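Engineer: First, the structure itself, so that you have it in front of you.
The values are calculated or read from the model by the stated rules, or taken from the named source; none is laboratory data. Note that the structure is a prediction, hence the values are computed from the model and not measured. Reconstructed Cβ throughout: ideal geometry from the backbone, glycine too, with neighbour counts over all protein chains shown. Keep in mind that these areas ignore ligands, DNA and RNA; they rest on the heavy atoms of the full protein, side chains included. Shrake-Rupley method; radii C 1.70, N 1.55, O 1.52, S 1.80 Å.
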Amino acid sequence: MSFSVARPVVLYLLVLIIPFVIHAVYRYRHLVNTMISSRVVLVKRKFAARIIFISLSFAMLIVACAGVSWGTVAVPVQKNGNALSLVFDISYSMNADDAPGRMTRLESAKSYASELLDRMPGTSVSVVIAKGDGAVVVPLTDDRETVQGMLRVLSPSMMTSVGTSLGAGIEAAIASFPQQSAVAGRIWLFTDGDETDSSLVSALNDAVRYGIPVAIIGFGSERETEVIAGDGTTRVRTALRSQSLEKTVAAVQRKNMLDSSSSLPSVIYIDASQVGSAYALLSTLPDKTAQEEGGTNVAYEVQSVDRNSLFILLAIVFFIMSYAFSEFTYPGKKAKAVAAVSLVLLLSSCSERFDAGTKLLEGSIQWNRKNYQQAVAHYLEVGDIATETNDTELTDYALFGLATTYMMQDESEAALRRFNAISQDAPDSIKFAVLYNSGIVAHQNGDYQRAASYFRDALRIDSSSIDAKINLELSLRQSVSQSNAAESELTPVSTNTDSDVLEQALYSIIRENEQKQWKSQQQSPSTTAADY
C-alpha cells in the first residue's frame, strides 16, 4: 500500500499541542485550588477528557492540512483527441539481420511503423529513441512527412550513450505529452527486449499511473544472432527476448491488478512477426467514429486516495466529543459510552452529498493550483455521484466545473458542450457564470455578436456585474468594427464604361473653356472716340 504526505512540513505544527497541554494543566491546577474536594474528581475527569479530545481534534486538522494519502484508485478522465509516442530501441542489438526478409530488426521496425502511420489519421505522433538513455527527436506533431523522414534516418549512431535502457525511452515518451493536456496519450515501444539496466518495469508502472497505455512490439528471432557491439570489434550474441518481455508485462499487470475487466490503461506485448499484429495494435486506438459522435473518450489514471475528508471528519468528531464529555453529565458510564458511540456513528455516516461537496471543493483547489487533470477527475467523480443519486443540482455543478476546466485547457468546444448541458433550473449564480463564460469563448472565437448576446443575457440575471458590462461594450464595439471592415471591402460597381467616362471628362473641359472665353469677352469691350 502506497503512503505519502503531500506537505510533510505541516506536521511540525503538532509540536503546538505541547504548550496547549501545559497551559491547560496550569489552568486545571489553578481551578482545583478554588474548589471543594468533593468535586475535584469529577472536574479532573472532565478536564482530562476535554484536553485529550481537543488535542486529538487539533492533530487531525494538522494531518488533514498535511495532505496524507494512502491506497490507489482508478480515476476516470475525459480526453479529447489522440496522441501516440513511437519509442524505437536503437541499440546495436537491433542491427541483427534476423527479421523477415533478412532485414535488420531496426529496419523492420521502421518499415512496420511507417505502414501503421498511414492507417491512423487524426492522431498526433512523436518519435523517441532509446539506447543508454531516452530522447525525444520529434515532438508531438500532425506532420507525417516529418515523422517519416525521421524514421528513414534512425540508426544506433544517433546516440553515443552505451547500453540499452528501455525504461529511459518510456520515461522520455511520458514526458513528451504536455502536462495538463486533454489529449489521450499512448506509447508503442519497438524493441527486441534486450536491456542492460532493468528499468522497464518501473517505467511501465509510471505509465499506468499516468493513465498511458503501452504496447511493446517485439522484433527479431528467438534464435541468437551475432552482432558487432558499439566499439566496432566485440561480437555479442542477441535474440528477441519475448519471454522476458511477457514476464515483465505480467509483473506490471499483477502489481496494478490489470485484467480484461479492469478499466486501467493496458500494458500488452505483441510479436511483430505474428499474423494480425498490426491490426491488434490499431484496434487499441479509440474508435474514430465514436470520438466524432461523442467528442471525447474516457481514460483512467491511477491516483493516490486523499484522506483529507476522513481526518477533517475525525477532527469534528473529537471536537464535539470534547464538549460531550466535559460539559454534560450522564447517569452512568454505560450511558456515556452509548452516547459517544451514537455520536461517532451519526457523524461517520455522512451522506453521499457530503462526499460530493468534498470532491467539489478538492476540484476547485486543484483548479486554482492549475492541476487541471486532477480537477477533471474530481468533477467526474461528482458527476458519477450525482447520476447515482439523481441529483440535478450536483450534476449542474459537476458540468460547470468540467466546462471551466476545459476552458483553461483551450478546449472551447468541449467546454461549450458542458455549458449547454446544464439545466435551466440551475441556480442563478451558475446560469450567470455559464452565460458569462460562453460569452468569453464566443469573443475569443471572433463571434462578437453572439458574445454580446451572451453578456446581455448574463446582465439580465445580475445587472450589477461590472465585468459583464465592460465585456458587452467591448463585444459591441468589435462587432461594429467588424461590420465596417466588411463594408469597406465592398467595391461599388459602376454602370459607365471607360469610354463614357473619358467623353464626359472631355465635355467638361470644353465647357469650362467656353465659359472662360465668354467671360473674357464680357469683361473686355471695344473702345472708340465716339464714347468721349
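Engineer: Restricted to segment 396-425, and to residues that are more than 14 Å from Lys370 (Cβ to Cβ) and part of a loop (DSSP other than H, G, I, E, B), which residue is least open to solvent (accessible area, probe 1.4 Å)?
Structural biologist: Looking at residues that are more than 14 Å from Lys370 (Cβ to Cβ) and part of a loop (DSSP other than H, G, I, E, B), I get Ile422.
Engineer: Just one of Thr196, Thr233 is of a type in the set (Val, Ile, Thr), surrounded by fewer than 18 Cβ atoms within 10 Å (Cβ to Cβ) and touching a residue at least 24 places away in the same chain (Cβ under 8 Å); which is it?
Structural biologist: Result: Thr196 is the single residue among Thr196, Thr233 that is of a type in the set (Val, Ile, Thr), surrounded by fewer than 18 Cβ atoms within 10 Å (Cβ to Cβ) and touching a residue at least 24 places away in the same chain (Cβ under 8 Å).
Engineer: Would it be correct to say that Ile365 is over 25 Å from Ile470 (Cβ atoms), among the hydrophobic types (A, V, I, L, M, F, W, C) and exposed (fewer than 15 other Cβ atoms within 10 Å of the Cβ)?
Structural biologist: yes
Engineer: Tell me, please, whether a residue that is modelled with pLDDT under 50 and either open to solvent by 80 Å² or more (accessible area, probe 1.4 Å) or among the charged types (D, E, K, R) (or both) can be found in segment 509-517. Steps first, answer last, please.
Structural biologist: From segment 509-517, those modelled with pLDDT under 50 are none; that's our starting set.
Scanning segment 509-517 turns up no residue that is modelled with pLDDT under 50 and either open to solvent by 80 Å² or more (accessible area, probe 1.4 Å) or among the charged types (D, E, K, R) (or both).
Engineer: When Val128 is evaluated against the numbered criteria (1) under 24 Å from the mean Cα position of the chain (by Cα); (2) under 23 Å from Ala239 (Cβ atoms), which criterion, by number, is the only one it fails?
Structural biologist: The one condition Val128 does not meet is (2).
Engineer: Give me the residue from segment 199-230 that is more than 22 Å from Leu86 (Cβ to Cβ) and of a type in the set (D, E, K, R) and, out of that set, most open to solvent (accessible area, probe 1.4 Å). Write out each step before concluding.
Structural biologist: Residues of segment 199-230 more than 22 Å from Leu86 (Cβ to Cβ): 221-230.
Okay, now just the ones that are also of a type in the set (D, E, K, R), so 222-224, 226.
Values: Glu222: 117, Arg223: 181, Glu224: 93, Glu226: 95 Å².
That would be Arg223.
Engineer: Filter segment 426-435 down to the residues that are assigned to a helix (DSSP H, G or I) and either under 13 Å from the mean Cα position of the chain (by Cα) or surrounded by fewer than 23 Cβ atoms within 10 Å (Cβ to Cβ) (or both) and list them by number.
Structural biologist: Within segment 426-435, Asp428, Ser429, Ile430, Lys431, Phe432, Ala433, Leu435 meet the criteria.
Engineer: Of all residues in segment 133-145, count the ones that are under 10 Å from Met159 (Cβ atoms) and open to solvent by 30 Å² or more (accessible area, probe 1.4 Å).
Structural biologist: The total comes to 3.
Engineer: Just to verify a result, which residue in segment 236-255, among those that are within 18 Å of Ala96 (Cα to Cα) and either under 31 Å from the mean Cα position of the chain (by Cα) or of a type in the set (Lys, Arg) (or both), is most open to solvent (accessible area, probe 1.4 Å)?
Structural biologist: Arg237
Engineer: Could you say which residue among Glu293, Glu388 is modelled with pLDDT under 60, over 30 Å from Ile52 (Cβ atoms) and part of a helix (DSSP H, G or I)?
Structural biologist: Glu293
Engineer: Kindly evaluate Ala130 against the criterion of being in contact with a helix residue (DSSP H, G or I) (Cβ under 9 Å, 6 or more places away or on another chain), within 30 Å of Met407 (Cα to Cα) and in contact (Cβ under 8 Å) with a residue 60 or more places away in the chain.
Structural biologist: No.
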